[in-house]
Amino acid sequence: MGIFDFLSGQFIDVIHWVDDTRDTMVWRFEREGHEIKYGAKLTVREGQAAVFVHEGQLADVFTPGLYMLETNNMPILTTLQHWDHGFKSPFKSEIYFVNTTRFNDLKWGTKNPIMLRDPEFGPTRIRAFGTYTIRVRDAARFLVEIVGTDGEFTMDEISFQIRNIIVQEFSRVIAGSGIPVLDMAANTADLGKLIAKEVSPTLDSYGLEMPEFYIENISLPPAVEAALDKRTSMGLAGDLGRFTQYSAAEAMTAAAQNPAGGGMAAGLGAGMGMAMANQMAHQAGPWGAAPAQQPQPARQTASPVPPPPPVEHVWHLAENGETKGPFSRADLGRMASAGELKRDTYVWTAGQDGWKHAEDVQELAQLFTVLPPPPPPPAG
């Protein structure tokens, strides 16, 4: 090997990274003494970004392509390094390759139940889980805010933090949405978009973005699910009588399938069967006829309540365009005796249809048929 080949091997680098782990987000190019030679070739593939860090300071970010590391295409690094020219002065820098592809099928879920106020069930608790996708949007910010000097940064190192952010925003959005629990399954797509939107500002400060977010399941506590199942069974069974028969039949089936129950299970099943048969017989009657009417106990006759006393009417009179009164019936009797009340005198009382002659009112007509008293007996 000639001296020229030796020098070429020492001063010319080919810098690239091929990832086969599928979970590495950032990988640092290792070079002894971190010496990057002048004129080195940098290959950045699709789905990658290369970040140059010089003496602890971020110098430049390279997008996919082939680069020759020289002063004419690295103005920022040239200003930091104060190069003159040539390959006599190799610069000491670090190159971090950042994976900018999507990391798919990442899991999230609620560690503890989320309390919310459901419009139908009242206060209740729910759990949820699903998947999401993460991608590095800003390689420089991600390196500064999250990675630091980690030589090999994997998705597992940040997934726990992202799950915490997701659960926090999911709890807040679900609790304030007002969507009934029974309707959440029909709105998972909209809820997923809303939660991804709420999570985005925090992820953006890390240099990340969430292209996709999915809610796979929203579940209730087992006790509430059991109550819902019973409610559904009652709706399918119909009225309460049929639901009782259905429950008895289910109990008989369970008892018959329990070999450990022995004679007790058989006796329990027989007893339930007889009870259900008696109930059906009472409902259907003999030969399927309608049930006979059961004798009703005799009702106790209450003592008669005396009717209320009749209401005495008061009367008004109309003479010469003027009204007089009110007068009681006794007053009208005295007026009839004195000739002040005549048969054609107009009278009216409450409930009467207009004015009438006194003789046309049955209650007053008899005042004009009273016979005068006989003459007094002679004196002495």
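Looking at the structure I just gave you, is ASP19 under 46 Å from the mean Cα position of the chain (by Cα), of a type in the set (D, E, K, R) and at pLDDT 85 or above?
For ASP19, the condition - under 46 Å from the mean Cα position of the chain (by Cα), of a type in the set (D, E, K, R) and at pLDDT 85 or above - is met.
Within the range 130-149, count every residue that is of a type in the set (D, E, K, R), within 36 Å of the chain's Cα centre (by Cα) and either in a strand (DSSP E or B) or over 30 Å from THR188 (Cβ atoms) (or both).
Adding up the residues that qualify gives 1.
If you scan the range 317-346, which residues turn out to be among the basic types (Lys, Arg) and either in a strand (DSSP E or B) or at pLDDT below 80 (or both)?
LYS324
Regarding the range 229-245, can at least one residue be identified that is among the polar types (S, T, N, Q), modelled with pLDDT of 70 or more and more than 31 Å from the chain's Cα centre (by Cα)?
Yes - at least one qualifying residue is present in the range 229-245.
In the range 41-57, which residues are surrounded by fewer than 16 Cβ atoms within 10 Å (Cβ to Cβ) and either assigned by TED's automatic domain parsing to the domain that holds GLY151 or assigned to a strand (DSSP E or B) (or both)?
If the condition is that a residue be surrounded by fewer than 16 Cβ atoms within 10 Å (Cβ to Cβ) and either assigned by TED's automatic domain parsing to the domain that holds GLY151 or assigned to a strand (DSSP E or B) (or both), then LYS41, GLN57 are the ones that fit.
Among the residues of the range 172-201, how many are of a type in the set (Ser, Thr, Tyr) and free of Cβ contacts under 8 Å to residues at least 12 places away in the same chain?
Count: 1.
Only one residue in GLU120, GLU169 is in contact (Cβ under 8 Å) with a residue 12 or more places away in the chain, under 23 Å from the mean Cα position of the chain (by Cα) and assigned to a loop (DSSP other than H, G, I, E, B), so which one is that?
Result: GLU120 is the single residue among GLU120, GLU169 that is in contact (Cβ under 8 Å) with a residue 12 or more places away in the chain, under 23 Å from the mean Cα position of the chain (by Cα) and assigned to a loop (DSSP other than H, G, I, E, B).
Based on what the data block shows, is ILE174 in a helix (DSSP H, G or I), touching a helix residue (DSSP H, G or I) at 6+ places or on another chain (Cβ under 8 Å) and either under 27 Å from PRO222 (Cα atoms) or not assigned by TED's automatic domain parsing to the domain that holds VAL53 (or both)?
Yes.
Return the residue satisfying two criteria in turn: it lies in the range 22-40 and is at pLDDT below 75 and either in a strand (DSSP E or B) or under 60 Å from the mean Cα position of the chain (by Cα) (or both), and of such residues it is surrounded by the most Cβ atoms within 10 Å (Cβ to Cβ).
ILE36
Those residues that are in contact with a Leu (Cβ under 9 Å, 6 or more places away or on another chain), part of a helix (DSSP H, G or I) and not small (Gly, Ala, Ser), I need them from the range 150-166; list them, please.
Of everything in the range 150-166, those that are in contact with a Leu (Cβ under 9 Å, 6 or more places away or on another chain), part of a helix (DSSP H, G or I) and not small (Gly, Ala, Ser) turn out to be ILE158, ILE162, ARG163, ILE165.
I need the full set of residues from the range 129-153 which are of a type outside the set (A, V, I, L, M, F, W, C), surrounded by 15 or more Cβ atoms within 10 Å (Cβ to Cβ) and closer than 26 Å to GLY109 by Cβ, in order please.
The answer is GLY130, THR131, TYR132, THR133, ARG135, ARG137.
Please find, within the range 177-216, the residue that is farthest from MET25 (Cα to Cα) out of those that are among the charged types (D, E, K, R) and part of a helix (DSSP H, G or I).
Result: ASP183.
Do any strands (runs of 3 or more DSSP E) entirely within the range 59-114 hold 2 or more residues that are of a type in the set (Phe, Trp, Tyr) and either surrounded by 12 or more Cβ atoms within 10 Å (Cβ to Cβ) or at pLDDT 90 or above (or both), and if so, which?
94-99, 103-109
Can you give me the number of residues within the range 347-359 that are touching a Ser or Thr at 6+ places or on another chain (Cβ under 9 Å) and either over 14 Å from THR369 (Cα atoms) or part of a strand (DSSP E or B) (or both)?
Qualifying residue count, the range 347-359: 2.
The values are calculated or read from the model by the stated rules, or taken from the named source; none is laboratory data. The model shown is predicted, which means the values in this text are computed figures rather than measured ones. Here Cβ is always computed from backbone atoms with ideal geometry, including for glycine, and neighbour counts include all displayed protein chains.
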